[in-house]
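The values are calculated or read from the model by the stated rules, or taken from the named source; none is laboratory data. Given the structure is predicted, the values throughout are model-derived calculations rather than measurements. All Cβ positions, glycine included, derive from the backbone under ideal geometry; neighbour counts span all protein chains shown.
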C-alpha cells in the first residue's frame, strides 16, 4: 500500500455526512429512552461551533502572525483550562481558580519551552504552529490531573481531618501532617497519564499520532512525536499537580501549624 | 480518669450531670477551680517536680464572632491533675484544643513555663502539651507504626523507646504481641489505650485527656488510671482531664474546672471534703 503524500481535504458536505453517525446515536437514545438526545444535540452543536471558532482563530494567528496574537490565544487557553480544572470539584477553597491558573501557567510554560526550544528547536520557540497545539495537549491533560488532585486533597483534608489534627496535636509540623494527603492527591492526579502511558499504542492510538499518519507522515516519525508528547504531558501533569497541591497546602495550613478546615466549602453552584 | 462506657456507666454519667446542674443556684459569674477533698499535704511531693506549669489567663475562644468560652483562668502545676467538667456542648473539647494550640484563642493566653506557643514553636508546644482526643484516632498502619510515628517528627527529642512501649502495651492490657496488628482492627477500648500509650511515650509535660476511658472495661480502666496517676505523681506530668465520671474525678483529680456554655461560672464545690483515697499510685 502506498502512503498518500498528504491527507485528503474534506469538503463541508463530507463532514456533514459524518453527522449521520451522531444521528444514529440519537436514534438509539430515543428508541431505548436514554433521554440523551437533547444533550447529544447540544454536544454535537458545541463540537462544531467550538472547533470552527478555534479553526478560524488558529488560522488567523498562524497566517496574520501579529506577535501579540499569540499571548492572547495562550492566555485564553490558560484561563479556560484553569476554570475547567476546578469547576467540577465537590469542595472548594476561595481563590482556587486563580491557583489552578497559576499552576497551569507555570507547569505549562516550563514544559512547552523545554519541548519547543530544547527538543524540537523551532525558531522562535513560540512559533504558534508548534506552541498552540502542544500547549493544548499539555493543558488538556494537566487540567484533568489538577482537577483530580484538588478533589482528592480537599476530600482527604475534610474526611481525614481527625488524622491530620492528631498528628499536629502530637507535635508534627504542618508539613509532616499534610504530607500524606498531599502525596495521595498528587498520586491521584498522576494516575490517568501513567495509565495512558502504560497502554499507549497497545490499546489506544493517540489522536495526534493518528492525525500525523493520516496527514502522510510515516508512522515511525509520528511515533517519535507521540513519545515526546507523552513525556511532555507527564511532566506538565506532575508539575501542575505538585504546584496546585502545595498552593492549597499553603492556603489551608497557617504558620501556626493549624489546619484551617473552615476554608473548605462545599461547592454550591452545581 | 474517666469512664462512662456501656449502658451501666451511662447511668452514672447522667447522675453526675444532674448533680452538677443542681448546684446552679450557687454559681457565681466567674469560673473557678475547686479543690477536691484531700489537702495537698496528703500528696507525696517531689521537690524537683515543679517543672513548667500551665497557665490559662482570661482565656476565651470564639467562632465566627460567637463566644464559646470566656474568662477562663487556671494554673496547673506539674504533678497535678485537674478535671474539666460541664454539660455536653459547653466547650470542654474546644478548651483542650485551644490549650493544644490547634485553635487560636480569641482572648487571653495560654502559657507553659511562662512562654507562649509562638515562643516555643507550635509543633514543639504540642509535643510538650500532648492531647488525647475523645475519638481514638490512629493511622491505618500497624500498632507499632502508630507508636513510632511521633518519633519521626522533627520535634522528636529521643529515639522510639521500644521497651517502654512493650511494657505499656502489657500494662494497659493491649498486649505486646499485637505490635504487628493493624491498629484499626483493635476494639475501641484498645484503641483508646493505644492512643494513651502513644501520647505517654513522647513524655509530654502536660497531657490533655478528653474522656480517655469512656470505652474501657473496669479492669482496663483501673490499669489506665493507675498509669496516669503514676505519670502525674512520680514523673511530674500535669494532666487536664475531661470526664463525666464523678467517681473518677474523686479518685484522680486534685481540683475541677466547671464550664458552662457561654457563661462563666463556678459550680459549687460539691465535692469538697471528699476523700480522694485510692487516687494515689
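Numbers below:
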{"read-out": "Subset of the stretch A:28-49 [surrounded by 10 or more Cβ atoms within 10 Å (Cβ to Cβ) and out of contact with any helix residue (DSSP H, G or I) (no Cβ under 8 Å at 6 or more places or on another chain)]", "value": "A:28, A:38, A:39, A:42, A:43, A:45, A:46, A:47, A:48, A:49"}
{"read-out": "The stretch A:235-258, subset crowded, with 20+ Cβ neighbours inside 10 Å and within 14 Å of chain B (Cβ to nearest Cβ), residue nearest to residue B:103 (Cα to Cα)", "value": "A:257"}
{"read-out": "All helices (runs of 4 or more DSSP H) inside the stretch B:82-199 with 2 or more residues being within 20 Å of residue B:72 (Cα to Cα), in contact with a strand residue (DSSP E or B) (Cβ under 7 Å, 6 or more places away or on another chain) and at pLDDT 95 or above", "value": "B:92-99"}
{"read-out": "Residues of the stretch A:94-123 satisfying the condition of being closer than 27 Å to residue A:51 by Cβ and not in a helix (DSSP H, G or I)", "value": "A:122"}
{"read-out": "Test: residue in the stretch A:137-147 that is out of contact with any helix residue (DSSP H, G or I) (no Cβ under 8 Å at 6 or more places or on another chain) and either over 14 Å from residue A:238 (Cβ atoms) or outside the structural domain of residue A:59 (by TED's automatic domain parsing) (or both)", "value": "no"}
{"read-out": "Subset of the stretch B:28-48 that is crowded, with 18+ Cβ neighbours inside 10 Å and either in contact with a helix residue (DSSP H, G or I) (Cβ under 8 Å, 6 or more places away or on another chain) or modelled with pLDDT of 90 or more (or both) - its residue that is nearest to residue B:260 (Cα to Cα)", "value": "B:36"}
{"read-out": "Residue identified as touching a helix residue (DSSP H, G or I) at 6+ places or on another chain (Cβ under 6 Å), within 14 Å of chain B (Cβ to nearest Cβ) and part of a helix (DSSP H, G or I) among A:164, A:186", "value": "A:164"}
{"read-out": "Output for the stretch B:125-137, where each listed residue is surrounded by 18 or more Cβ atoms within 10 Å (Cβ to Cβ) and either facing chain A (nearest Cβ under 8 Å) or farther than 20 Å from residue B:190 by Cβ (or both)", "value": "B:125, B:126, B:127, B:128, B:129, B:130, B:131, B:133, B:137"}
{"read-out": "Residue tally, condition surrounded by fewer than 19 Cβ atoms within 10 Å (Cβ to Cβ) and modelled with pLDDT of 90 or more, over the stretch A:73-120", "value": "21"}
{"read-out": "Filter result (under 21 Å from residue B:124 (Cα atoms) and surrounded by 18 or more Cβ atoms within 10 Å (Cβ to Cβ)) within the stretch A:259-270", "value": "A:259"}
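Conditions (1) in contact with a helix residue (DSSP H, G or I) (Cβ under 6 Å, 6 or more places away or on another chain); (2) more than 19 Å from residue B:227 (Cβ to Cβ); (3) touching a residue at least 40 places away in the same chain (Cβ under 8 Å); (4) buried (at least 22 other Cβ atoms within 10 Å of the Cβ), marked per residue:
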position: B:139; (1), (2), (3), (4): yes, yes, yes, no
position: B:147; (1), (2), (3), (4): yes, no, yes, yes
position: B:152; (1), (2), (3), (4): no, yes, no, no
position: B:157; (1), (2), (3), (4): no, yes, no, no
position: B:176; (1), (2), (3), (4): yes, no, no, no
position: B:179; (1), (2), (3), (4): yes, no, no, no
position: B:185; (1), (2), (3), (4): no, yes, no, no
